[in-house]
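Colleague: Questions regarding the structure given below will be posed in turn.
The values are calculated or read from the model by the stated rules, or taken from the named source; none is laboratory data. Since the structure is predicted, the reported quantities are computational estimates derived from the model, not experimental observations. Here the Cβ positions follow ideal geometry from the backbone for every residue, glycine too, while neighbour counts run over all protein chains shown.
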């Protein structure tokens, strides 16, 4: 019996770092390391996928005068990852209260930038979504998504404390303004993501079944209205339903996705990817399917599913209403974006211009996702005392572990 107690004590002391109570050590034990590992796996997969898709875009953008390195976009993506990972870890170290304040303040700043896009924005491929100059060009809509999710959660958590506050109306107005600004860019895909975040957070906050049904009917009505009144939606839905135009892109993506069979043609050996318009961003899932096979695509989908399941498992014993709503919004953004991208590549949805989280190329996308996951890691951190209560009766005052 005594030997077993000593063995448990030794194992626990090794795991806890014995007397190490520095902020970094406490953060390490509070952090969901399984969730972090899944995210790092996605990032690694993304770098491999961008390396496979980079030659396509490099070849298309090369001219007789200027030849772009085939791995040019891979090198840039690697640079964004090197910047984004420390950013994600720093945000994950913030206490919950500071993480909330950071998200709200940063969200206000990015919201202002979104207003400036129609005035000072930069147009790329017919869409005016970027603002800035040169290397400092960013897409405010990307950064706003995780910040909006946390801000919305904070607003609705106030309603739980005081039902008389008109926070639902305020959230509708805020979401409506963002939707109008995005639709003018045009950016229908991100508009759908913002509405999806709002619906998910509202549902979890305790919205009545009648109101949920009304919102669902309103959402369907909004899509029908967009088809008749919003030219971008009309064009994409018609192409998806009747062929031609952007349908050819989706069709080529589907052929590339399934052309490699279960195991793929091999890294760098794909040919169908050269017919894709945005192989390194919107249709990178199809590049993976062609060169690494459908099994690799299924594995990636399972990683996304594992992340979502892991997050909600962490919420099972959570009692803070704000944290529950914030994590719901962040997960809805992350999972919804992945679902839409994969569905487009599978020819199940019209083309949306939506990147696959941590897989597709993009500086704004990577940095915004790192901020969002950093907030997710911050809100899902757990007190190490509670996680090991069966072994530790109290935090050691002088490095001694009580068993």
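Colleague: Would you mind stating whether residue 368 is farther than 25 Å from residue 82 by Cα and touching a residue at least 40 places away in the same chain (Cβ under 8 Å)? Show your work before the answer.
Modeller: Values: farther than 25 Å from residue 82 by Cα: no; touching a residue at least 40 places away in the same chain (Cβ under 8 Å): yes.
Considered against the rule, which asks whether it is farther than 25 Å from residue 82 by Cα and touching a residue at least 40 places away in the same chain (Cβ under 8 Å), residue 368 comes out as no.
Colleague: Moving on. Quick one: is residue 160 over 30 Å from residue 29 (Cα atoms), out of contact with any strand residue (DSSP E or B) (no Cβ under 9 Å at 6 or more places or on another chain) and at pLDDT below 90? Working first, answer last.
Modeller: Details: over 30 Å from residue 29 (Cα atoms): yes; out of contact with any strand residue (DSSP E or B) (no Cβ under 9 Å at 6 or more places or on another chain): yes; at pLDDT below 90: yes.
The answer is yes for residue 160.
Colleague: Here is a follow-up. Quick one: count up the residues across the range 177-216 that are at pLDDT 80 or above and assigned to a helix (DSSP H, G or I).
Modeller: Total satisfying the criteria: 24.
Colleague: OK, next. Please work out which one of (1) more than 24 Å from the chain's Cα centre (by Cα); (2) in a strand (DSSP E or B) is the condition residue 130 fails and give its number.
Modeller: Unmet for residue 130, out of (1) more than 24 Å from the chain's Cα centre (by Cα); (2) in a strand (DSSP E or B): (1).
Colleague: Regarding the range 61-79, can at least one residue be identified that is in contact (Cβ under 8 Å) with a residue 24 or more places away in the chain, assigned to a helix (DSSP H, G or I) and under 17 Å from the mean Cα position of the chain (by Cα)?
Modeller: yes
Colleague: Find the residue count for the range 59-111, including only residues that are touching a helix residue (DSSP H, G or I) at 6+ places or on another chain (Cβ under 7 Å), surrounded by fewer than 19 Cβ atoms within 10 Å (Cβ to Cβ) and farther than 28 Å from residue 149 by Cβ.
Modeller: The number of residues fulfilling the criteria is 5.
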